Amino acid sequence: MPNKTLIIGAGGVGNVVAFKCAMNADTFGKITLASRTKSKCDAIAENVKAKTGVAIHTAQVDADSVEELVSLIRKVDADIVINVALPYQDLTIMDACAATQTDYLDTANYEHPDEAKFEYKEQWARDQLFREQHIMGLLGSGFDPGVTNVFVAYAQKHYFDEIHTIDILDCNAGDHGYPFATNFNPEINLREVSAKGRYWEEGQWIETEPMQIKQVWDYPEIGPKDSYLLYHEEMESLVKNIPHLKRIRFFMTFGESYLTHMKVLENVGMLGIEPVEHQGQQIVPIEFLKTLLPDPASLGPRTKGKTNIGVFVKGIKDGKAKTVYIYQVSDHEKCYEEVMSQAVSYTTGVPAMIGAKLMLEKKWYEEGVHNMEEFDPDPFMEELNTQGLPWQVMELEADATLEVESTLA
Ligand code: NDP
């Protein structure tokens, strides 16, 4: 019996997942793409058919409703649900999967709509339920989280006896030509970058002001870029799963113009998540801002340049200090050529497909709710090389660094 795959969410990432599942139709079998707006699913299905020759099915669903989800999962008779809607829908989709005994995968951890805070607590709390239902949930199978967790697991398996420090580096040197736009869902993106920074050192979380810590890292194939310390969700699980760790931080690149726009928007209250009254109507400022900004999906054909995301790891092997940078470089224009999406959606959608593929093939399979670094990294790393995200390993001198400048902004 061929597999049946249900993808939920027809945004930038959903587009890539639909393409990539169609390109691996032997594994994914009958593919259904469902989202709030069915016309978006139909448009993607049309492009997938034209480019790959594979017909995918489409459906409408409100993923905030467990009842609607359960009835769709039953109708599709899905073997796996790939959740690439928004982090707000993680819990409803997980509960619908539990009710129907269907495996689950997502790319971003649960975020409460009324609080700019994301954590794994509520998803991990479903571990027992998933075990009782004999199903698996794979959390955070995008690039970061996702591939970054797998890179750390690969470093641990092949390069280190003990990992002591990890710096996760996320560089997007793409240019879309707009004065201001976000590369993925603006609300999620702006909530992430306007939140306080946080890193973990010697067993403790240390909080910083938003964008307080700036370093310049020299990214292979791109060059030096201003990078800011942010909190990012993969640190929560890596701290739990990597023994001997002394420090973990996450840096993302931002240009000066982006940050100036952000500051102004923040100062005038446009990043607010509380409703305000405007001429008798309740409006959430950040939601209104999303309406004004370019749709991330529209950036695809305009974006030029590369991304470099990797993990800079220090530790010891056979008693000697060692440094390794494992990274992946993508080219926005090449991604668009292949699946009609820029690299940010591409680098998220491809790992989502790979995670689901390994689950369906039972190469990565364990009942309960799991993070990426808990599994053998090798099959995932092999798939990355053949599915469009080839990676590199730089072995460096023990005291080497790619950090060229460090300042407190
Ligand atoms: P988009 O906003 O482009 O797409 C989200 C899609 O979900 C839209 O099609 C939207 O429908 C749909 N959706 C939203 N709410 C509902 C609902 N209640 N019911 C059904 N469908 C709904 O986001 P992206 O594609 O950029 O991102 C998708 C996910 O990927 C997000 O969770 C994001 O956080 C994550 N991500 C993860 C990354 C990683 O590396 N791990 C990196 C980038 C993103 P509609 O079109 O009607 O609005």
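Computed over protein heavy atoms with a 1.4 Å probe, the accessible surface of the stretch 167-254 works out to 37 Å² per residue. Solvent-accessible area assigned to carbon and sulfur over the chain amounts to 48 percent, based on a 1.4 Å probe. When nucleic acids and ligands are ignored and a 1.4 Å probe is applied, LYS246 ends up with an accessible area of around 90 Å². As a length-normalised measure over Cα pairs under 8 Å and 6 or more apart, the relative contact order of the stretch 316-409 settles at 44 percent. Taken over the chain, the percentage of Cα pairs per 20 Å bin, counting from 0 up to the bin with the maximum distance, is 28, 60, 12, 0.
Comparing ALA398, ALA96, ALA108 in a Gaussian network model of the chain, where Cα atoms under 10 Å apart are tied by springs, the biggest mean-square fluctuation is seen for ALA398. Evaluated at q = 0.21, 0.26 Å⁻¹, a Debye calculation over the C-alpha positions of the stretch 289-357 (equal weights, vacuum) places log10 I(q)/I(0) at -0.91, -1.09.
The relative contact order of the chain comes to 20 percent, based on Cα pairs under 8 Å that sit 6 or more residues apart. Contact order for the stretch 220-281, expressed relative to its length and based on alpha carbon pairs under 8 Å spaced 6+ residues apart, stands at 32 percent. Based on the alpha-carbon gyration tensor of the stretch 145-267 and its eigenvalue square roots a ≥ b ≥ c, which shape applies: rounded if a/c is under 1.5, prolate if not and a/b is larger than b/c, or oblate? Taking the square roots of the gyration eigenvalues as a ≥ b ≥ c, the stretch 145-267 is prolate. With all protein chains in place and ligands, DNA and RNA left out, the 1.4 Å accessible area ranks ASP26, ASP376 as ASP26, ASP376, largest first. Orientation-averaged projection of the stretch 274-407 equals 14.2 nm² [convex hull of Cα atoms, one quarter of hull surface area]. When shorter helices are ignored and each DSSP H run of at least 4 residues is given -39500 (n - 2.57), the per-residue value for the chain at 222 nm works out to -10500 deg cm²/dmol. Residues PHE180, PHE28, PHE288, sorted by accessible area with the largest first, give PHE288, PHE180, PHE28 [1.4 Å probe; ligands and nucleic acids excluded]. Listed peptides 337-350, 254-267, 295-308 appear in the order 337-350, 295-308, 254-267 once ranked by packing, highest mean of other Cβ atoms within 10 Å at the front. Charged neighbours of VAL344, selected by a Cβ distance under 11 Å, balance to -2 (K, R count +1; D, E count -1). Remark: the GLU287-TYR178 segment gains 37.3 nm on full extension, using 0.36 nm per residue and subtracting the alpha carbon distance.
Of the complete DSSP H runs in the chain, those spanning 24 angstrom or more by Cα along the long axis with a mean Kyte-Doolittle score not below -1.0 are 343-360.
I need the calculated FRET efficiency for the pair GLU119 and THR386, taking r as the beta carbon distance and R₀ as 45 Å, to the nearest 0.05. Computed FRET efficiency for GLU119 and THR386: 0.85.
Modelled label positions at GLU209 and TYR365, each set 7 Å beyond Cα in the direction of Cβ, lie 5.3 nm from each other. Rolling a 1.4 angstrom probe over the protein heavy atoms with all chains in place gives the stretch 278-342 an accessible area of 48 Å² per residue.
Near GLU115, once Lys and Arg are set to +1 and Asp and Glu to -1 for all other residues with Cβ below 14 Å from its Cβ, the sum equals -3. Computed over neighbours whose Cβ is under 12 Å from that of PRO186, the net charge equals -2, Lys and Arg +1, Asp and Glu -1.
The values are calculated or read from the model by the stated rules, or taken from the named source; none is laboratory data. Here the structure is a predicted model, which means the values were calculated and not measured. Ideal geometry is used to build each Cβ from the backbone, glycine not excepted, and the neighbour counts take in all protein chains shown. In case anyone asks, the SASA skips ligands and DNA or RNA and just uses the protein heavy atoms, side chains included. Shrake-Rupley method; radii C 1.70, N 1.55, O 1.52, S 1.80 Å.
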